[in-house]
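Please read the structure below before turning to the comments.
The values are calculated or read from the model by the stated rules, or taken from the named source; none is laboratory data. Every value quoted in this text rests on a predicted model; they were computed, and no experiment measured them. Note that each Cβ is placed from the backbone with ideal geometry, even for glycine, and that neighbours are counted across all protein chains shown. Calculation scope for accessible area: heavy atoms of the full protein, side chains included, ligands and nucleic acids excluded. Shrake-Rupley method; radii C 1.70, N 1.55, O 1.52, S 1.80 Å.
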Amino acid sequence: MNKQHIQKLLESTQELFLTTHKHVVDEIVKRNGYFFPFGIGVSTDAEYIVAGIENPDPVQALSFAIQALKDFARRGKLIAAATCFAGKIQMPQNDDLLDVIIIVLENSTKTAIKCCRTYRKTASNWEFGAVTYKVGEPIIFDCL
């Protein structure tokens, strides 16, 4: 996938990304650093489909969201999707582990971008790093 494909997917899913990102940041602030994995799809009718459950097991919560959106995709009712979950990344300069928000944006052409943003609690509030992008593997549309 070249830079033009990445840019096109970012442009076509910008509103989806912003909606997903706003939701997860709100949850992090509200829940003191925690959020449940979830997914948001855009239907063929241009409506948002939100998939997620408040399950203390993040693997089960993410699995539920993915399966729900895959069901819509298999029926041809989904044109784009975002899955959001927490992760950790290791900093190469000092081996510190940082919390990271991971959002995988994808569309029905099976193009996917993995967006990551670090976050941490400071003395007075939450601090968020810059969003980084790289080519990702489709999670929802891999079933087509």
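For Cys143, are the conditions met, namely being open to solvent by less than 30 Å² (accessible area, probe 1.4 Å) and in contact (Cβ under 8 Å) with a residue 60 or more places away in the chain?
The answer is no for Cys143.
Given Thr44, Thr111, Thr83, which one is farther than 22 Å from Lys22 by Cα and surrounded by 19 or more Cβ atoms within 10 Å (Cβ to Cβ)? Steps first, answer last, please.
Details: Thr44 fails: surrounded by 19 or more Cβ atoms within 10 Å (Cβ to Cβ); Thr83 fails: farther than 22 Å from Lys22 by Cα.
After applying the criteria, what remains is Thr111.
Take the residues of segment 103-144 that are among the small types (Gly, Ala, Ser) and closer than 20 Å to Val24 by Cβ: which is modelled with the lowest pLDDT?
By that ranking, first place goes to Gly136.
Look at Ile49 and say whether it is part of a loop (DSSP other than H, G, I, E, B), surrounded by fewer than 19 Cβ atoms within 10 Å (Cβ to Cβ) and hydrophobic (A, V, I, L, M, F, W, C).
So Ile49 does not fit the description; no.
Restricting to segment 117-130, give me the number of residues that are touching a Phe, Trp or Tyr at 6+ places or on another chain (Cβ under 9 Å), surrounded by fewer than 17 Cβ atoms within 10 Å (Cβ to Cβ) and touching a residue at least 12 places away in the same chain (Cβ under 8 Å). Walk me through how you get there before you give the answer.
Start the filter on segment 117-130 by keeping residues that are touching a Phe, Trp or Tyr at 6+ places or on another chain (Cβ under 9 Å), which leaves 117-120, 126-129.
Add one more test, that the residue is surrounded by fewer than 17 Cβ atoms within 10 Å (Cβ to Cβ), and what stays is 120, 126-129.
Next cut, touching a residue at least 12 places away in the same chain (Cβ under 8 Å) only: 120, 126, 128-129.
Here the count works out to 4.
Between a first residue in segment 33-58 that is over 20 Å from Glu106 (Cα atoms) and a second residue that is open to solvent by 20 Å² or more (accessible area, probe 1.4 Å) and aliphatic (A, V, I, L, M), which pairs have beta carbons less than 6 Å apart while being 6 or more apart in sequence or on different chains?
Between residues of segment 33-58 that are over 20 Å from Glu106 (Cα atoms) and residues that are open to solvent by 20 Å² or more (accessible area, probe 1.4 Å) and aliphatic (A, V, I, L, M), there is no close pair.
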